[in-house]
1. Determine whether the range B:46-53 contains at least one residue that is open to solvent by 10 Å² or more (accessible area, probe 1.4 Å), within 14 Å of chain A (Cβ to nearest Cβ) and within 16 Å of ligand 2 (Cβ to nearest atom).
2. Among the residues in the range A:193-206, are any in a helix (DSSP H, G or I), away from every other protein chain (no Cβ under 14 Å), of a type in the set (Ser, Thr, Tyr) and over 24 Å from A:Ser141 (Cα atoms)?
3. Listed residues B:His129, B:His160; which is within 14 Å of another protein chain (Cβ to nearest Cβ), over 21 Å from B:Leu63 (Cβ atoms) and either out of contact with any strand residue (DSSP E or B) (no Cβ under 7 Å at 6 or more places or on another chain) or not charged (D, E, K, R) (or both)?
4. Tally up the residues in the range B:56-92 that are outside any strand (DSSP E or B) and surrounded by 19 or more Cβ atoms within 10 Å (Cβ to Cβ), please.
5. Quick check on this structure: which one of A:Met262, A:Met273 is in the same structural domain as A:Pro176 (by TED's automatic domain parsing), over 15 Å from the mean Cα position of the chain (by Cα) and within 30 Å of A:Pro144 (Cα to Cα)?
6. Scan the range B:21-52 for residues that are under 21 Å from B:Met217 (Cβ atoms) and within 8 Å of ligand 1 (Cβ to nearest atom) and jot them down.
7. Kindly indicate the residue of the range B:54-81 that is away from every other protein chain (no Cβ under 14 Å) and charged (D, E, K, R) and also farthest from ligand 2 (Cβ to nearest atom) among those meeting that condition.
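The values are calculated or read from the model by the stated rules, or taken from the named source; none is laboratory data. Predicted model only: the values in this text are computed from it and were never measured. Counting neighbours? That spans all protein chains shown, and the Cβs are built from the backbone with ideal geometry, glycine included. What goes into the accessible areas is simple: the full protein's heavy atoms, side chains included, and nothing from ligands, DNA or RNA. Shrake-Rupley method; radii C 1.70, N 1.55, O 1.52, S 1.80 Å.
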Amino acid sequence: MWKFIFKRVFALIPVIIGVTLIVFFIMSLSPGDPAKMILGDEASPEAVQLLRQEMGLDDPLLIQYSRYMYNAIQGDMGLSYKSKKPVTEEIWARFPNTIKLTLTAMTLAVIISLPLGIIAAVRQNSFFDGFSMLLALFGVSMPPFWFGLLLILFFSLKLGWFPSSGSESLKSIVLPSVALGFLHMASIARTTRSSMLEVIRQDYIRTARSKGLSYSSVIRKHALKNALIPTITVVGLQVGVLLGGAVIVETVFAWPGVGRLMVQSIMGRDIPMVMGCIILFATGFTIVNLIVDLLYGFIDPRIRSMYT
Amino acid sequence: MSEHTTTAPIPTLEIKNLVVEYRTEDGIVHAVNGLDLRIEKGKTLGLVGETGAGKTTTGLAILRLVAQPPGVIVDGSIHLNGENLLMKSEKEMEKIRGKQVSMIFQDPMTSLNPVTRVEDQIAEVIELHEHLSWNESLAKARDMLELVGIPGERGVDYPHQFSGGMKQRVVIAIALACSPQLLISDEPTTALDVTIQAQVLQLMKNLREKYQMSMLMITHDLGIVVEICDLVSIMYAGRVVEHGSLEDIFNNTRHPYTEGLFNSLPNLEDRKAKLKPIKGLMPDPSNLPPGCAFCPRCDYAMEICHTDKPGKVYRTEDHFVECHLYSEQNIGEKVIGK
Ligand SMILES: Nc1ncnc2c1ncn2[C@@H]1O[C@H](COP(=O)(O)OP(=O)(O)O)[C@@H](O)[C@H]1O
Ligand SMILES: [Mg+2]
């Protein structure tokens, strides 16, 4: 087990290197001189040149990248071009907000979509089944930014129930987490339904029935755990989409999280800040996937025996 | 045979005129078409037939577990110890399943829940019917494992850690955990290696003695029938076309289909006939011929066979055949296989 975890954490290294390398190069290719950006338009060419030398901007890209990573490993991700504050400080200040938003959205999605998918499968072709799958179809088809705007339009501008932006009150998390969670609710419900349908056709369900268990206890005791295996996979894969969605939803609702910070930094070409955000997202994604894999083994003994 | 019912003891299982259909989008599959079966207490009946004959459907119908939809039990009666199961509510059936009637399914590889410990899967049925605490049920589950030849401490393992033969032993342990009166075994050894087959069969024989069970042994293997059965029903396209004791079926074969089954067996003793498989295939059960279902494949088919369904002709009190070749007059002699 520990060996497995260690191996997975180790595998994180090439992922981080790959992601940062790509982002670093893309950001360097984009037009605009960071030194000029830091000093402002009125700065003399000499001052700009001096700063460029100081920052090592004239060195080959690979050297610049290595220097950046060397510092980053030690926890120094540089200063934001814009605020002139350390990148890590700025990110950590916003990180709890992103966690709060994604966790709420995910919990919301799982709580609603699991029963939805299960009942839809057990009552296949019923009205409930049709209705919930239609809902799910809406969910996967609607981009979260658009759905977010609809929510704002209706629930804050028209009805005035919830604030449309910010994170001051408890109420303010409602709309962004619904906007973000809806998409996941849809895909989790669909996966749960289809894996449940698959599972209830299996022989071991018939065996369980032949023991004299009622249909509902067969679903609860035998079908559910098996049906959850594909669902957990999807939840894990969805974390990537969820983080991507968080970037958009945070921007739409002016939610002060890392996603919004990243968008603002990209607009302002704040390279160190963008790098910091990306590294955080990439690491977060891989760690969540590791947790999902472990969860997988927790449920399925066949997988568990592969770990050891 | 109708006069005997008053004095004869009530049979463990008596099926009359069972009709089961699968109503699918592509048409109605006539899986079981007026099947009659009778198993006296403590006896084992072999239900023999090719794949698709409706054997599994018959077994599932007894437990009222035919997949629904698309399956529908259209007609007939299934009496267990004199009570019609088709009249029972679902709640009543839940008390019967696993307690009075158990079923062993065809494929042990897929019959067990992959994410549940083996002992839990056995204990579950014990807890349900014997009203024991979970710990008592677990203890009994381990006893059951020992009984089928698996060390009790292996109970904490999961199905994937067991071989096919061991899984089938577990399935047997589940089926027998509450000492049922009737055990339905649906090709219990088909999926196993030959050497394992013999072991499992021997185990089933021993346990049948121990529990004094009646048994419905579904198989397509006449070798197993000889091993374990008292009576044999030969099933074709959802009907019993010949029924009798081992002696009747093996030495006084009447139906051309039964004859065909023997001829397609390699090296069965005292049968010199060369290996001769039955020509053609089982008719499509969603499109059965109007006359005898076997007639398109029958070497003895006559004109009447194409248009009329044959009725039962009794050779002895037990042994009957459904075939136009026979009448009250000539049933004593064998007109086929000359
Ligand atoms: N769930 C089902 N839906 C539709 N047809 C089925 C289903 N189960 C069995 N059948 C059909 O019913 C017929 C009898 O099947 P079965 O009882 O499994 O036969 P056997 O066990 O003798 O091989 C076959 O033609 C089979 O295709
Ligand atoms: Mg079968």
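1. no
2. For the range A:193-206, residues in a helix (DSSP H, G or I), away from every other protein chain (no Cβ under 14 Å), of a type in the set (Ser, Thr, Tyr) and over 24 Å from A:Ser141 (Cα atoms): absent.
3. So the residue among B:His129, B:His160 that is within 14 Å of another protein chain (Cβ to nearest Cβ), over 21 Å from B:Leu63 (Cβ atoms) and either out of contact with any strand residue (DSSP E or B) (no Cβ under 7 Å at 6 or more places or on another chain) or not charged (D, E, K, R) (or both) is B:His160.
4. So the first thing to find is which residues in the range B:56-92 are outside any strand (DSSP E or B), and the list is B:56-70, B:81-82, B:85-92.
Those still in the list that are surrounded by 19 or more Cβ atoms within 10 Å (Cβ to Cβ) too: B:56-64, B:66, B:85.
Here the count works out to 11.
5. Working: A:Met262 fails: over 15 Å from the mean Cα position of the chain (by Cα).
It is A:Met273.
6. Restricting attention to the range B:21-52, the residues satisfying the condition of being under 21 Å from B:Met217 (Cβ atoms) are B:31-32, B:35-52.
B:Ala31, B:Val32, B:Gly49, B:Glu50, B:Thr51, B:Gly52 - these are the residues of the range B:21-52 that are under 21 Å from B:Met217 (Cβ atoms) and within 8 Å of ligand 1 (Cβ to nearest atom).
7. Across the range B:54-81, the extreme among qualifying residues is B:Asp75.
Okay, residues lined up against (1) of a type in the set (Val, Ile, Thr); (2) in contact (Cβ under 8 Å) with a residue 12 or more places away in the chain; (3) open to solvent by less than 20 Å² (accessible area, probe 1.4 Å):
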site	(1), (2), (3)
A:Pro272	no, yes, yes
A:Thr283	yes, yes, no
A:Thr286	yes, yes, no
A:Arg302	no, no, no
A:Ser305	no, no, no
